[in-house]
1. Restricting to region 32-50, give me the number of residues that are assigned to a loop (DSSP other than H, G, I, E, B) and within 22 Å of residue 129 (Cα to Cα).
2. Among the residues of region 25-43, are any exposed (fewer than 15 other Cβ atoms within 10 Å of the Cβ), out of contact with any strand residue (DSSP E or B) (no Cβ under 8 Å at 6 or more places or on another chain) and at positive phi?
3. For region 134-164, how many residues are surrounded by 11 or more Cβ atoms within 10 Å (Cβ to Cβ) and more than 22 Å from the chain's Cα centre (by Cα)?
4. What number of residues within region 51-75 satisfy the criterion of being within 30 Å of residue 111 (Cα to Cα) and assigned to a strand (DSSP E or B)?
5. Which fully enclosed strands (runs of 3 or more DSSP E) of region 125-191 have 1 or more residues being within 18 Å of residue 112 (Cβ to Cβ), touching a residue at least 12 places away in the same chain (Cβ under 8 Å) and touching a helix residue (DSSP H, G or I) at 6+ places or on another chain (Cβ under 7 Å)?
6. Check region 64-78 and report whether any residue there is surrounded by fewer than 17 Cβ atoms within 10 Å (Cβ to Cβ), over 26 Å from residue 182 (Cα atoms), in the same structural domain as residue 24 (by TED's automatic domain parsing) and without any contact (Cβ under 8 Å) to a residue 12 or more places away in the chain.
7. I'm trying to understand the selection: among the residues of region 44-58, which are farther than 28 Å from residue 79 by Cα and touching a strand residue (DSSP E or B) at 6+ places or on another chain (Cβ under 7 Å)?
8. Which residues, taken from region 103-119, are assigned to a helix (DSSP H, G or I) and farther than 13 Å from residue 77 by Cβ?
């Protein structure tokens, strides 16, 4: 039997009240047996790590595997009361703090994070970018998607030299951006 989520006044599930998305750091090595996202999944704490497919060598064999795009970046959806004990216990797991503040943890608005997760989950291979990699020349046309799995999404049409694919740029400001492939018939230009 599946449990139904009870909704509160704001449309947020009752068990999600008080939870928010925290940007966290995973200081383990890239070949660690237990990276932070696996540790959190074992503790049944909801998390998201942007994954990309890479060619790696294991036991002398070359194989494709999903690995974190940025090994030290993990998004965790929970309350501070539940995350703080994990941070105290695991020395390689830390909060990311906002610059110029007195140790205020970096958070992402829930709607923004859910939008990002939904967009990257809608395609097999999203392309991730760090904020400094995106140039104004790459983001010339503002678009809206009018149908399909990402109906209603707005953003920039990513222009990459030599690519014929149409991609929507979805961002988490100052942290990460992802380009997801969209069909040309769903694109409506806003410029």
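1. Taking region 32-50 and keeping what is assigned to a loop (DSSP other than H, G, I, E, B), we get 32-35, 43-45, 49-50.
Still in the running and within 22 Å of residue 129 (Cα to Cα): 35, 49-50.
Matching residues across region 32-50 total 3.
2. Checking region 25-43: not a single residue is exposed (fewer than 15 other Cβ atoms within 10 Å of the Cβ), out of contact with any strand residue (DSSP E or B) (no Cβ under 8 Å at 6 or more places or on another chain) and at positive phi.
3. Restricting attention to region 134-164, the residues satisfying the condition of being surrounded by 11 or more Cβ atoms within 10 Å (Cβ to Cβ) are 134, 138-150, 153-160, 163.
Pick out the ones that are also more than 22 Å from the chain's Cα centre (by Cα) and you get 140-141, 146-147, 163.
Final tally of qualifying residues: 5.
4. Adding up the residues that qualify gives 11.
5. Details: elements: 127-129, 141-145, 154-158, 167-172, 176-181, 187-189.
Of the strands (runs of 3 or more DSSP E) lying wholly inside region 125-191, those with at least 1 residues that are within 18 Å of residue 112 (Cβ to Cβ), touching a residue at least 12 places away in the same chain (Cβ under 8 Å) and touching a helix residue (DSSP H, G or I) at 6+ places or on another chain (Cβ under 7 Å) span 141-145, 167-172, 176-181.
6. Keep residues of region 64-78 that are surrounded by fewer than 17 Cβ atoms within 10 Å (Cβ to Cβ), which gives 64-67, 70, 72.
Pick out the ones that are also over 26 Å from residue 182 (Cα atoms) and you get 72.
So of that shortlist, the ones also in the same structural domain as residue 24 (by TED's automatic domain parsing) come out as 72.
Keeping just the survivors that are without any contact (Cβ under 8 Å) to a residue 12 or more places away in the chain gives none.
No - not one qualifying residue is present in region 64-78.
7. First, pick out the residues of region 44-58 that are farther than 28 Å from residue 79 by Cα: 53-58.
53, 54, 55, 56 - these are the residues of region 44-58 that are farther than 28 Å from residue 79 by Cα and touching a strand residue (DSSP E or B) at 6+ places or on another chain (Cβ under 7 Å).
8. Start the filter on region 103-119 by keeping residues that are assigned to a helix (DSSP H, G or I), which leaves 110-119.
Hits for region 103-119 are 115, 118, 119.
The values are calculated or read from the model by the stated rules, or taken from the named source; none is laboratory data. Since the structure is predicted, the reported quantities are computational estimates derived from the model, not experimental observations. As a convention, Cβ positions derive from the backbone with ideal geometry for all residues, glycine included, and neighbour counts pool all protein chains shown.
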